[in-house]
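J.: Just dropping this structure here.
Read-outs throughout are calculated quantities, based only on the coordinates presented, and are distinct from any laboratory measurement. Because the structure is predicted, anything quoted here is derived from the model rather than measured. Note that we place each Cβ from the backbone using ideal geometry, even for glycine, and neighbour counts take in every protein chain shown.
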Amino acid sequence: MNKIKIAVFVSGGGTNLQALIDAQKRGEIKSGEITLVLSNSHTAYALERAKTAGIKGVVVTKKEEGSQEAFEEKVKAILKEEGIELIVLAGFMSILTKSFTDDYPERIINVHPALIPSFCGKGFYGLRVHEAALEKGVKVTGATVHFVNEIPDGGKIIMQKAVEVKEGDTPEILQKRVMEEAEWIILPRAAELVASELKGKVK
Ligand code: GAR
């Protein structure tokens with residue numbers, strides 16, 4: 001049976017994209033194949049990672065398209081053209097509206113660097129999540145992979161992994177530990193799980 005075509009959406013460094021590429025190379029993502037990397041920034045280093053891995057990269061920006069609606073329409077057109085069946089948000093720092101998420105029910109997953117429902121929703125992204133966790137004094141944090149709907153970080157949870165907060169942690173140190181011990185592990189696993197479930201459905 002054909003593999004599920006996966007698009008990975010990125011905005012920055014792309015270490016989670018790298019984790020997905022590496023997992024695919026190791027044969028751990030076998031139900032799907034990353035065939036497209038879509039960035040909303042021309043300068044995202046993730047695009048270099050895609051290029052090195054021989055994966056097609058495209059850039060669509062809200063600024064160039066003129067509005068959120070035009071941005072989403074352009075992205076949808078590209079996804080249709082490429083036959084994409086599963087979208088993985090891996091450090092994608094833009095919120096998708098209901099008009100977009102409704103077109104891909106349980107076909108968009110996202111990695112969030114905290115244990116949802118803590119430190120999530122609007123305004124909680126990247127380093128800010130870890131700053132908030134340290135400010136609160138939590139002793140355990142982690143990462144979550146969840147389905148994406150119109151509510152930021154509001155879709156059903158697929159996988160979570162806890163990570164210890166240590167004395168003297170800075171947001172940067174904690175971010176690195178959460179990535180290494182949780183995000184880079186559960187994102188590829190969740191991508192394979194969802195792709196395998198999609199493959200099980202009528203194609
Ligand atoms: C990751 O920690 C990811 O979980 C987070 O941004 C970072 C991107 O790093 N995403 C969010 O905060 C989304 N709400 P990367 O570009 O190296 O994968």
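J.: In which sequence would Met179, Met93, Met159 go, from the one with the fewest C-beta neighbours within 10 Å to the one with the most?
T.: Exposure proxy ranking, most exposed first: Met93, Met159, Met179.
J.: Right, something else. According to the Cα gyration tensor, what semi-axes, each the square root of 5 times an eigenvalue, does the equivalent ellipsoid of segment 1-80 have, listed from largest to smallest in whole Å?
T.: Each semi-axis is the square root of five times an eigenvalue, giving 24, 15, 8 Å.
J.: Another question about this same structure. List the trypsin sites (Lys or Arg not before Pro) in segment 86-185 that DSSP assigns to loop (not H, G, I, E or B) and whose Cβ has at most 11 other Cβ atoms within 10 Å. Which are they?
T.: Values: sites: Lys98, Arg107, Lys122, Arg128, Lys136, Lys139, Lys156, Lys161, Lys166, Lys176, Arg177; in loops: Arg107, Lys122, Lys139, Lys156, Lys166.
For trypsin sites (Lys or Arg not before Pro) across segment 86-185 that sit outside H, G, I, E and B with at most 11 neighbouring Cβ atoms in 10 Å, the list reads Lys122, Lys139, Lys156, Lys166.
J.: Continuing with this model, one more query. Using a/c under 1.5 as the rounded threshold, could you call the chain rounded, prolate or oblate? The axes a ≥ b ≥ c are square roots of the C-alpha gyration tensor eigenvalues, and prolate needs a/b larger than b/c, oblate otherwise.
T.: Prolate is the answer for the chain, as a/c is 1.5 or above and a/b outweighs b/c.
J.: Please compute the volume of the convex hull spanned by the alpha-carbon atoms of segment 102-203 and report it per residue in Å³.
T.: Once divided by residue count, the hull of segment 102-203 is 84 Å³.
J.: Find the centroid of the Cα atoms in segment 18-44 and in segment 88-130, then give the distance between the two in whole Å.
T.: Taking the Cα centre of each part, segment 18-44 and segment 88-130 sit 18 Å apart.
J.: Using the Karplus curve 6.51 cos²θ - 1.76 cosθ + 1.60 with θ = phi - 60°, what ³J(HN,Hα) values do you get for each residue of segment 124-133, in whole Hz, with x for Gly and Pro?
T.: Working through the residues one at a time gives 9, 8, x, 4, 4, 4, 6, 4, 5, 5 Hz.
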